[in-house]
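First the structure, in the form of structure tokens, and then the observations on it.
The values are calculated or read from the model by the stated rules, or taken from the named source; none is laboratory data. Worth saying up front: this structure is predicted, and the values here are computed from it rather than measured. Here Cβ is always computed from backbone atoms with ideal geometry, including for glycine, and neighbour counts include all displayed protein chains. Accessible surface areas use protein heavy atoms only, side chains included; no ligands, DNA or RNA. Shrake-Rupley method; radii C 1.70, N 1.55, O 1.52, S 1.80 Å.
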Amino acid sequence: MISHAASPAPPTTLERFAYDNRVVKAFSIATIVWGLIGMLVGVIAATQLFHPGMNLDNQYTTFGRIRPLHTNAVIFAFVGNAIFMGVYYSLQRLLKARMFSDTLSWIHFWGWQLIIVSAVLTLPLGFTTSKEYAELEWPIDIAITVIWVVFGINMFGTIIKRRERHLYVGIWFYIATFVTVAVLHIINSFEMPVSFLKSYSMYAGVQDALVQWWYGHNAVAFFLTTPYLGMMYYFLPKMANRPVYSYKLSILHFWSLIFIYIWAGPHHLLYTSLPDWAQSLGTAFSIMLIAPSWGGMINGLLTLRGAWDQVREDARLKFMVVGITAYGMATFEGPLLSLKNVNAIGHFTDWIVAHVHVGALGWNGFLTFAILYYIVPKLWKTELYSKRMVNIHFWLGTLGILFYAVPMYISGFTQGMMWKEFTPEGTLKYPAFLETTLQLLPMHMMRAAGGVIYLGGAILMAFNLFKTMAKGSFQANEAAEAPALTPEYVATGGDTYWHRVLERRPMQLLAGSLIVILIGTVLEIIPTFTVESNVETIAAVQPYTPLELQGRDLYIREGCNNCHSQMVRPFRSETERYGEYSKAGEFVYDHPFLWGSKRTGPDLHREGFKYPDSWHYHHMNDPTTMSPGSIMPPYPWLLTQKLDNSQLEAKLKTMQSLGVPYDDYAISDAQANAQQQAEAITTRLKAEGIKIQSDKEIIALIAYLQRLGTDIKNAQAAK
């Protein structure tokens, strides 16, 4: 596909072998099935944002619990299976070799499906770490690590036994994906177990936030982007029957992308308590990121030079073109949102939702659809059941993206501006957060409609592909032959271009990728952990009481951080609305941090004693009684379910091991302390006309909410 300098003639001995199509078939079917499930859950979640009754009054299907289910299903089930489908198909053909081990291929497939099923079972039950895109608890994290290593062994084993001397550009991206995702997952998943499905992050506050968004941003980079770029470099030339536009541009694209991307995570934390130097680094590298990102987009689109007549006729290429264009749009918008003046308006709003879904629906979704339409007829040795359905799917998908993204952009701009608007007299024009929420409901309805249209297209695709499978004849082992390569031939050759030498040394390519991504990682994370001035302690800030810690865990279980932030930024509009801006030292005992990334509801960092206990009781039982028109679902089970204190001492001991200053007496006295505080809250509620037992979950949640921000308030009052 790429023209190269002349090299020695290859050996003439032909070896016969067979490509393993069975594992590709398995991953392709899993991609289709999990894609439909993930999109359906997304539509249900989107509908709850204007009609909360869609949770069917069930605690396991509230927005807070199914939102992470949706993101995990789409990212790791739909996109994850699509990555493995594309890699297993293209890797064998690029290397002229069957996968290293059929057994490892199937361990990988079934292990990955079991991980997805475990997410489906645990997330709605409230077993979550609360960290975005990394919500799964510690046993599942270990399973992910094991299966990822299995994938790596299988991939590198195949590379080592290859019959093609040089590694094609797509494989560079697969290698960088493997090593970087491994580093990201392991570092971000350091957590201290309390029990089988409960743990606390080993990092706290500002440090936890930095590690999480270093992971979160680069999960997008190295799970949702680099493997898809590798697949783009393989499948686009195949579909268009054209060579990649520029070999040297692909080299520049690859190395600059993986080097720059890793630095950009802090742009998710602008105007927060993260040190300014880290924020500035994130902004600078985010702006630089546009160059390699657009280099890849241009290399993809210019590959179609002379083939645009095919684009008119072949809907698979239409999916590719729109998908690559969506990648270009999203990678322009990312640097734009990293500018502080733009981020000040866009962060915490629906603008971010629109930005993410342009990439997810356009780039990941459309490339996945195109690859499925390419692979399935190949594996089943037949033509697509209906090319007309492919065209209909393309237009449904495109309309779905437009109906989704455009209203969310409008909603995001509306939110950002309404939150900041003042009257001529100098007061907030919209002091009640709910005024903004109600203004956005029509946009959320259109967003849900867009999701339904997009899902409809995916259902049509599933029907078309399964019909294609039914009429074809599956080829489990596809016969192939290629010249055998000796070790001496792999290590030698006449190419003098420096990168061509590196391309035939996979371990050096792996090591180079690792070094490149570790530079930014080390220089951003280590100073934040080792230089004390980055997180200045505040004497007034004390650890949570046992009951408050229990309430915090309930807050995490219910997914409240999916809709509420706990980070008051240093803007006049926010300090007027919420109170004193947030300080880094306030979060030193927060394992994990709960700053949030989206405000569907108001910020809660200064919530403590803003309202009486009875307000929180009624608000959790039926939000509309306290906030007419609220789209928050009711949580009546908190009023009836008994608080489980059986792990209380274990939780405090775990926190103690993480550096939270609980002494042994506080741990041994935890049950009595929690009971005493619970009785004080029930006494206050009784005085406000509410009779409830002190052992109910709502009491612990009230204790936590009434604690938020009070350390700073008390310190200021003491002055």
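For this structure, a couple of remarks:
- Candidate set: region 403-427, residues that are within 22 Å of the chain's Cα centre (by Cα) and open to solvent by 30 Å² or more (accessible area, probe 1.4 Å); chosen: the one farthest from Gly579 (Cα to Cα): Val406
- Scanning region 646-691 for residues that are farther than 29 Å from Ser201 by Cα, open to solvent by 80 Å² or more (accessible area, probe 1.4 Å) and small (Gly, Ala, Ser) gives a single hit, Ala687.
- Among (1) surrounded by 21 or more Cβ atoms within 10 Å (Cβ to Cβ); (2) of a type in the set (S, T, N, Q); (3) outside any helix (DSSP H, G or I) - the single one Gln550 does not satisfy: (3)
- Scan of region 558-571 for residues that are open to solvent by 10 Å² or more (accessible area, probe 1.4 Å) and in contact (Cβ under 8 Å) with a residue 60 or more places away in the chain, ordered by number: Cys560, Asn561, Asn562, Cys563, Pro570, Phe571
- Applying a threshold of 8 Å to beta carbon distances and a minimum spacing of six or more residues, or different chains, the list of pairs starting in region 112-124 at a residue that is closer than 21 Å to Leu554 by Cα and ending at one that is outside any helix (DSSP H, G or I) and aromatic (Phe, Trp, Tyr) reads Pro124/Tyr60.
- Region 297-316: number of residues that are in contact with a Gly (Cβ under 9 Å, 6 or more places away or on another chain) and over 16 Å from Lys238 (Cα atoms): 2
- Test result for Gly306, among the small types (Gly, Ala, Ser), more than 30 Å from Val531 (Cα to Cα) and open to solvent by 20 Å² or more (accessible area, probe 1.4 Å): yes
- Looking across region 85-102, the residues that are crowded, with 23+ Cβ neighbours inside 10 Å and touching a Pro at 6+ places or on another chain (Cβ under 9 Å) come down to Gly86, Val87.
- From the options Glu580, Glu536, Glu524, Glu576, residue that is acidic (Asp, Glu), open to solvent by 20 Å² or more (accessible area, probe 1.4 Å) and within 22 Å of Trp214 (Cβ to Cβ): Glu536
- Considered as a group, the residues in region 428-449 that are without any contact (Cβ under 8 Å) to a residue 40 or more places away in the chain and open to solvent by 20 Å² or more (accessible area, probe 1.4 Å) include one that is farthest from Asp603 (Cα to Cα), and that residue is Pro442.
- Any hit, region 199-218, residues being over 29 Å from Glu536 (Cα atoms), open to solvent by 10 Å² or more (accessible area, probe 1.4 Å) and either part of a helix (DSSP H, G or I) or in contact (Cβ under 8 Å) with a residue 24 or more places away in the chain (or both): no
- Among residues of region 31-72, those that are open to solvent by less than 10 Å² (accessible area, probe 1.4 Å) and closer than 30 Å to Pro377 by Cβ, counted: 4
- Within region 265-276, the presence of a residue that is modelled with pLDDT of 95 or more, open to solvent by less than 10 Å² (accessible area, probe 1.4 Å) and more than 23 Å from the chain's Cα centre (by Cα) is excluded.
- Long-range neighbours under 9 Å by Cβ, at least six apart or interchain, first residue assigned to a loop (DSSP other than H, G, I, E, B) within region 287-305, second open to solvent by 70 Å² or more (accessible area, probe 1.4 Å) and among the hydroxyl-bearing types (Ser, Thr, Tyr): Thr303/Tyr245; Leu304/Tyr245; Arg305/Tyr245
- None of Asn364, Asn391 is in a helix (DSSP H, G or I), modelled with pLDDT of 95 or more, open to solvent by 30 Å² or more (accessible area, probe 1.4 Å) and polar (S, T, N, Q) except Asn391.
- Checking Leu465 against (1) touching a residue at least 40 places away in the same chain (Cβ under 8 Å); (2) closer than 18 Å to Trp351 by Cα; (3) not basic (Lys, Arg), the condition it does not meet: (2)
- Residue check, Pro275 in contact with a Pro (Cβ under 9 Å, 6 or more places away or on another chain), in contact (Cβ under 8 Å) with a residue 60 or more places away in the chain, farther than 30 Å from Phe593 by Cβ and not charged (D, E, K, R): no
- Comparison of Thr283, Thr331, Thr325 shows that the only residue that is in a helix (DSSP H, G or I), β-branched (Val, Ile, Thr) and closer than 30 Å to Gly585 by Cβ is Thr283.
- Residues of region 504-530 classified as β-branched (Val, Ile, Thr) and in contact (Cβ under 8 Å) with a residue 40 or more places away in the chain, total: 6
- For beta carbons closer than 6 Å, sequence separation of 6+ or different chains, a first residue in region 398-420 that is closer than 23 Å to Asn341 by Cβ and assigned to a helix (DSSP H, G or I) and a second that is open to solvent by less than 70 Å² (accessible area, probe 1.4 Å) and aromatic (Phe, Trp, Tyr), the qualifying pairs are Gly412/Trp351; Met418/Tyr430.
- Test: residue in region 620-637 that is crowded, with 20+ Cβ neighbours inside 10 Å and in contact with a Cys (Cβ under 8 Å, 6 or more places away or on another chain): yes
- All positions within region 597-619 that are in a loop (DSSP other than H, G, I, E, B) and either under 18 Å from Tyr704 (Cβ atoms) or open to solvent by 50 Å² or more (accessible area, probe 1.4 Å) (or both): Gly601, Pro602, Asp603, Leu604, His605, Arg606, Glu607, Gly608, Phe609, Lys610, Tyr611, Pro612
- The set of residues in region 142-168 that are part of a helix (DSSP H, G or I) and within 25 Å of Thr13 (Cβ to Cβ) comprises Phe156, Gly157, Thr158, Ile159, Ile160.
- Entry remark, region 450-468: residues being closer than 19 Å to Thr382 by Cβ and either open to solvent by 10 Å² or more (accessible area, probe 1.4 Å) or hydroxyl-bearing (Ser, Thr, Tyr) (or both) number 5 in total.
- Filter result for the condition that a residue is over 30 Å from Arg165 (Cα atoms) and part of a loop (DSSP other than H, G, I, E, B), over Pro442, Pro424: Pro424
- Residue check, Ala18 modelled with pLDDT under 95 and not in a helix (DSSP H, G or I): no
- Residue within region 533-547 that is modelled with pLDDT under 95 and touching a Pro at 6+ places or on another chain (Cβ under 6 Å) present: yes
- The requirement of being closer than 21 Å to Tyr174 by Cα and surrounded by fewer than 23 Cβ atoms within 10 Å (Cβ to Cβ) is satisfied by Ile75.
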